[in-house]
Amino acid sequence: MAQLVGCATTEQTPESVLDDNQVAEELAELFEDFPEEAEATETEKPPEAVSGTDEPVTQDIIEESIDEAIDPLDQIAAIAPKPVLPTPHEIANIRIFDWRVIGGASIGNYFTGRVQHRFKRPVAIAVQSEYLYVVDAGADALFRFDLVSERIETVLDLRAEVKGEVADLFVNKDFSFYLTDTEAGRVLHYDRHGRLIQVYRNHFNMVRPVAVTALDSGDVVVADAHYDHLLHFNSMGKLIATYGGRGQGVAEFLNIMTMAKGPDGYYVGGRVGRRIQVIGDRGNYLYAFEEGAVVFPASIVVDRENRSYVADYMDNTIKVFDRGGLIGTIGSFGTGDGQFKRITDLWLEGHLLYIVDSLNGRIQVAKLAPDPITLPKPGFENKTELFQESVDDVVEELSQSQEEESLDEMTTELVKDGPGQMVTDESTDVNASEAIQPSMDESVEALSEGTSDSGP
């Protein structure tokens with residue numbers, strides 16, 4: 001048995017064998033838990049055998065049902081819990097100013113000739129500066145779309161580079177990019193011109209890479225859907241750590257589908273169990289997203305305010321979370337603006353949310369508002385009235401204080417105790433009205449004296 005580097009191994013113990021009596025006892029206990037089903041089983045008559053044969057009629061029916069093809073996605077949808085949507089009072093006012101649809105562009109130049117190219121089945125995207133990188137699985141190519149001039153060029157022919165379908169794409173600031181060669185169990189690093197630089201591979205720990213992100217330090221983190229853990233490689237391609245593992249506990253995952261780097265660490269989404277969990281930069285468990293809100297997380301992006309946008313493959317919507325709590329939903333099923341058919345990837349660049357609308361053969365760009373506003377929850381309908389009352393109280397207090405200040409200023413100007421000396425509340429305890437009256441009497445007396453002295 002091969003030992004996994006960076007992963008704990010456990011010894012396997014032989015399974016105990018049950019005899020016939022123990023099997024019968026366990027079956028009896030099982031039927032005791034379901035008495036109605038047990039009674040129905042006893043009353044049912046055995047199927048009649050076909051004439052000339054000893055086999056019951058139901059055998060042909062069972063064989064026919066086994067032969068029927070069953071869609072795995074239908075099985076998942078049948079057993080998966082229904083998504084929990086926020087109530088109208090809990091929905092955030094996630095304002096979208098505008099939608100932009102990118103379905104293709106002209107390819108070529110004046111000398112080679114220009115032709116109009118349409119995306120067939122885009123599956124992964126990344127944005128760097130004014131360039132949009134698109135992995136088109138229908139055309140088996142990686143395209144670079146200029147968001148300004150709306151020109152497109154082919155960067156890489158994927159048929160000669162990867163074994164199967166690319167699951168994820170990441171573009172660095174130097175325009176070098178990473179591709180997950182999922183079927184071959186490796187991650188490929190190319191320069192801006194499409195020349196292969198490095199191959200990230202680990203036969204013991206990475207079998208099915210489904211997501212990749214590059215850190216500012218040059219290290220690379222890959223999510224593996226086979227062992228359900230994250231692999232941390234240094235810039236030289238050496239595996240230095242693994243985070244998580246398979247299971248249903250905290251910091252454990254079942255069938256990882258997507259992974260993204262955010263303010264709190266790594267945001268990991270799986271199809272089973274705790275569908276979205278957040279772990280720290282060293283793999284320590286932090287918190288999990290609201291249960292039941294997302295059934296099939298296909299892609300995750302996180303903004304600087306720690307709001308997460310999660311594409312739900314099951315209902316073709318984008319769920320918006322604030323630190324794990326559902327605050328809103330974007331989009332629906334369809335072919336119009338803001339409607340999707342199979343969202344396979346997301347990318348967030350500033351306030352622009354890029355969405356891969358795969359089966360519609362296009363990329364949709366939603367221009368988001370900087371700060372979504374959350375509406376009040378039930379029980380707080382009078383919140384605005386209370387706020388208005390508090391504002392009125394503050395305004396009244398300010399007006400009263402201003403009136404008192406103006407009255408004090410008038411008092412200090414009129415009341416004086418000798419030349420150049422102002423009478424204030426700090427220097428005397430005389431009431432302002434009492435101080436004003438003597439000053440007026442003195443003025444009248446002085447005026448009368450002046451009149452008598454200037455007689456005829």
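The values are calculated or read from the model by the stated rules, or taken from the named source; none is laboratory data. The shown structure was predicted, so the numbers you read here are calculated from the model rather than taken from an experiment. Reconstructed Cβ throughout: ideal geometry from the backbone, glycine too, with neighbour counts over all protein chains shown.
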| field | Candidates Asp228, Asp224, filtered to the one that is among the acidic types (Asp, Glu) and surrounded by fewer than 22 Cβ atoms within 10 Å (Cβ to Cβ) | value | Asp228
| request: Only residues that are in a loop (DSSP other than H, G, I, E, B) and either of a type in the set (A, V, I, L, M, F, W, C) or not assigned by TED's automatic domain parsing to the domain that holds Val301 (or both): list them for region 96-120, please. | output: Phe111, Phe119
| Count of residues meeting criterion [part of a loop (DSSP other than H, G, I, E, B) and of a type outside the set (Asp, Glu)] in region 276-312 | 12
| For region 121-191, list the strands (runs of 3 or more DSSP E) that sit wholly inside it and hold at least 3 residues that are at pLDDT 95 or above and within 24 Å of Leu215 (Cβ to Cβ); which are they? | 122-128, 131-136, 166-171, 177-181, 186-190
| Out of curiosity, is Asp303 in contact (Cβ under 8 Å) with a residue 60 or more places away in the chain, assigned by TED's automatic domain parsing to the domain that holds Ala124 and either among the charged types (D, E, K, R) or touching a Ser or Thr at 6+ places or on another chain (Cβ under 9 Å) (or both)? | no
| field | Which listed residue, of Asp345, Asp315, is part of a loop (DSSP other than H, G, I, E, B), at pLDDT 90 or above, in the same structural domain as Met259 (by TED's automatic domain parsing) and buried (at least 16 other Cβ atoms within 10 Å of the Cβ) | value | Asp315
| Counting just the residues of region 211-268 that are of a type in the set (Phe, Trp, Tyr) and more than 23 Å from the chain's Cα centre (by Cα), which one comes out nearest to Leu348 (Cα to Cα)? | Phe233
| request: Please specify each residue of region 318-342 satisfying the condition of being more than 11 Å from the chain's Cα centre (by Cα) and not in a strand (DSSP E or B). | output: Gly331, Gly334, Thr335, Gly336, Asp337, Gly338, Lys341, Arg342
